[in-house]
Amino acid sequence: MRLPIAREGWPFILGAAALFGFCLALKVPWASIAALVLTAFIIWFFRDPERSVPAGDDVLVSPADGKVIELLPQPDGGVKVGIFLSIFDVHVNRLPASGEITDVSYRRGRFLAAWNTIASDENERCGITIVHSRGTVRVVQVAGLIARRIICRIKPGQRGRQGERYGLIRFGSRVDTYLPAGAPVAVKIGDRVKGGADIIAHWN
């Protein structure tokens, strides 16, 4: 049975648990409580629940849990859907559509607050391009003010399936999805979405 914890979280969980055991051995109550709270928070932060992915290939699902903070028309006629993840959201990222991964590009950058509209262009980020039978979609993981580590597990040439886990950002961030021209958007600013489960757009 799969544990609902992202594998990247285990070093942090085990480290916090070891600190808790050390504090218990020293019999320092306040430090033990603090270490226990820290361990519980890290376990909770790296949670990775199962999701029910919508059936059919005519929809695009959210790549992340969080709040829709941006719907920005693009020069090519598409729309950028920006989703902000607070430290209280699940941080495991999922593929919005099935298809071949044709590009994975990582760029160093700044660590501005992720809700800032210029963070998409200025911050450290990792983008992937997915070629679906109905079009191309790009998803970009963007580091935030606190997030300093972007993890992308997928490689160019691989085929991914809709809702599949492909990465993670620590701790607090945003994920931008660049929809192709003509793809009707199914969310509005202020909506809260769940990665792999909620529909954000339909294919044209």
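Before moving on, here are some points about what is shown:
- Residue count for segment 171-184 under the criterion of being over 23 Å from residue 92 (Cβ atoms) and touching a residue at least 24 places away in the same chain (Cβ under 8 Å): the result is 4.
- Applying the criterion of being acidic (Asp, Glu) and more than 16 Å from residue 157 (Cβ to Cβ) to the residues of segment 93-143, the residue that is surrounded by the most Cβ atoms within 10 Å (Cβ to Cβ) is 124.
- Checking each residue in segment 101-114 for being hydrophobic (A, V, I, L, M, F, W, C), at pLDDT 75 or above and closer than 17 Å to residue 149 by Cβ picks out only 104.
- Criterion: in contact with a strand residue (DSSP E or B) (Cβ under 6 Å, 6 or more places away or on another chain), at pLDDT below 95 and of a type outside the set (A, V, I, L, M, F, W, C) - qualifying residue of 167, 172, 182: 167
- Condition check for residue 117: within 12 Å of residue 82 (Cβ to Cβ) and at pLDDT below 85: yes
The values are calculated or read from the model by the stated rules, or taken from the named source; none is laboratory data. Just so it is clear, the model here is predicted, and its values are computed rather than measured. Here the Cβ is made from the backbone with ideal geometry for all residues, glycine too, and neighbour counts use every protein chain on show.
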